[in-house]
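K.L.:
Below you will find the structure I want to go over with you.
The values are calculated or read from the model by the stated rules, or taken from the named source; none is laboratory data. Bear in mind the structure is a predicted one, so any value in this text is a computation, not a measurement. Note: areas computed on protein heavy atoms with side chains; ligands, DNA, RNA excluded. Shrake-Rupley method; radii C 1.70, N 1.55, O 1.52, S 1.80 Å.
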Amino acid sequence: MAEDRRRVVVTGEGPILVYGPVDVEMPDGTRLLSDRAVTALCTCGRSRRRPFCDTSHRRRVRDKKEEDGS
C-alpha cells in the first residue's frame, strides 16, 4: 500500500504539485491521466489547460508588478 502513495505539495502562490503518475477525475466523471514525474494542477483558474497548470499565474504576477512600477 505504501507504494501507492503520492506526494502532494501545496504551493502558496502556484499550482498543486503531485509527484508520480496520477489519474485526475473531473466533475463530469472524465478521467485524465498523467504519467509525468511531477504533475502541476492549476489552483488559480487562469490555465488554458485546466486542470493542469500552464504557468498562467506567473504572467499575472509579472503584469501586476509592471503596473505597480516594480
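K.L.:
Give the accessible surface of the range 2-41 per residue, rounded to a whole number of Å², with probe radius 1.4 Å and ligands, DNA and RNA excluded.
P.N.:
Result: 77 Å² per residue.
K.L.:
Leaving out ligands, DNA and RNA, what percent of the accessible area of the range 2-41 is carbon and sulfur, probe 1.4 Å?
P.N.:
In the range 2-41, the share of accessible area belonging to carbon and sulfur is 52 percent.
K.L.:
Read phi for every residue in the range 9-17 and hand back ³J(HN,Hα) as whole Hz from Karplus 6.51 cos²θ - 1.76 cosθ + 1.60, θ = phi - 60°, with x for Gly and Pro.
P.N.:
10, 8, 8, x, 10, x, x, 8, 9
K.L.:
Mind running the shape call on the range 2-41? Use the C-alpha gyration tensor, a ≥ b ≥ c as the square roots of the eigenvalues: rounded below 1.5 for a/c, prolate if a/b tops b/c, oblate otherwise. The partial results should precede the final answer.
P.N.:
Working: a/c = 1.93, a/b = 1.15, b/c = 1.67.
Because a/c hits 1.5 or more and a/b fails to exceed b/c, the range 2-41 counts as oblate.
K.L.:
Okay, moving on. List every residue whose amide H lies under 5 Å from the amide H of Phe52, counting only residues 5 or more places away in sequence or on a different chain, with H placed 1.01 Å from N in the peptide plane.
P.N.:
Here Cys42 satisfy the definition.
K.L.:
Amide H to amide H, which residues 5 or more places from Val38 or on other chains are under 5 Å from it, using H placed in the peptide plane?
P.N.:
It is Gly20, by chain and number.
K.L.:
Find how much the distance from Arg5 to Leu17 grows on full extension, using 0.36 nm per residue of separation minus their present alpha carbon separation; answer in nm with one decimal. Numbers along the way, then the final one.
P.N.:
Numbers: separation 12, 0.36 × 12 = 4.32 nm, distance 1.38 nm.
Extending this stretch completely gives an extra 2.9 nm.
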